[in-house]
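The values are calculated or read from the model by the stated rules, or taken from the named source; none is laboratory data. Keep in mind the model is a prediction, meaning the values are calculated, not measured. Every residue, glycine as well, gets a Cβ built from its backbone with ideal geometry; the counts of neighbours run over all protein chains shown.
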Amino acid sequence: MKYKLGVVGDPIEHSLSPQIHNIFSKQTNINIEYQLYHVFETSLDTFIKDFFDEGGHGLNITLPHKSNCLRSVTNASSLVNLMEQLTPSILSIRMKYLQTQLMALV
């Protein structure tokens with residue numbers, strides 16, 4: 001299975017996430033496709049929905065989108081708000097398996 005992953009931001013070109021995740025992929029033999037996605041705030045909700053509707057597995061969200069992306073989360077729990085407070089520089093949103101991923105971050 002190939003996992004479709006990425007990082008969303010504006011700006012995003014400076015991100016080293018693809019290089020880091022590709023090294024991890026090779027070391028663990030996990031097949032991933034990790035891309036940068038330059039997304040403007042006005043398109044964020046639509047992008048997140050379309051990404052997962054089209055088979056995406058996970059997104060990392062950079063500033064300034066961290067707070068903005070929470071409005072796209074479905075089935076959010078109080079844990080989402082707690083994670084935003086505890087890790088303002090690292091908020092990974094995975095719409096289909098949100099609870100599992102957030103528990104792993106804690």
Quiz item: Which residue pairs have Cβ atoms closer than 8 Å, lie 6 or more positions apart in sequence or on different chains, and pair a first residue in region 19-47 that is part of a helix (DSSP H, G or I) and surrounded by 14 or more Cβ atoms within 10 Å (Cβ to Cβ) with a second residue that is modelled with pLDDT of 90 or more and of a type in the set (Phe, Trp, Tyr)?
Solution: HIS21/TYR34; SER25/TYR34; PHE47/TYR37
Quiz prompt | Residue list for region 14-35, restricted to those being within 16 Å of PHE51 (Cβ to Cβ) and aromatic (Phe, Trp, Tyr) | solution = TYR34
Self-check item: Failed criterion for HIS21 (all others in (1) at pLDDT 90 or above; (2) within 13 Å of the chain's Cα centre (by Cα) hold)
Solution: (1)
Exercise. Any chance you could count how many residues in region 1-18 are surrounded by fewer than 13 Cβ atoms within 10 Å (Cβ to Cβ) and not hydrophobic (A, V, I, L, M, F, W, C)?
Key: 4
